[in-house]
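Have a look at the structure below, then the notes.
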Amino acid sequence: MKTRTTTQQVHILQYLRQKHSHPCAEAIHKEVVKQLPTITLATVYRNLNKLVEQEDIISFKVGNTYHYDGKVGDHIHGICENTGKIVDIEQPELVQYVRKKIHHHGFTPKNIRIIVTGTCKRGETQ
Ligand SMILES: [Zn+2]
């Protein structure tokens, strides 16, 4: 159910829609506080939870940290085990395949979140 979007949520959403690095709440707070000097980290967390609930953004956990993504369509995440870098991998045909296969198990998929761990180009040399 859509609820009222606050100014704080608009700022967070704008930031996440333009930033594709999948930042954590602390990193988002560091940016948003530049425009909204009184916003606390707790408020950022509360608004992030709300935005996830409203399906305006997605979140996923890496280790003990939640990362946030303004891109809500099905896509695959690649996470470098050496640098911690998170990249978007666009493989729509693979996501479609998974969706179809899952359906054959009598399960209706809603969101497909695939995380691939490995090493990025920079991480390979570390
Ligand atoms: Zn992503």
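The values are calculated or read from the model by the stated rules, or taken from the named source; none is laboratory data. Since we're looking at a predicted model, the values are computed, not measured. Cβ atoms come from the backbone with ideal geometry, glycine included; neighbour counts cover every protein chain shown.
Couple of notes before you dig in:
- Qualifying residue in the range 117-125 (condition: in a helix (DSSP H, G or I), exposed (fewer than 13 other Cβ atoms within 10 Å of the Cβ), modelled with pLDDT of 95 or more and not β-branched (Val, Ile, Thr)): no
- Residue check, Tyr45 among the hydroxyl-bearing types (Ser, Thr, Tyr) and buried (at least 16 other Cβ atoms within 10 Å of the Cβ): no
- Failed item in (1) surrounded by fewer than 13 Cβ atoms within 10 Å (Cβ to Cβ); (2) within 14 Å of the ligand (Cβ to nearest atom); (3) at pLDDT 90 or above, with Gln91 passing the rest: (1)
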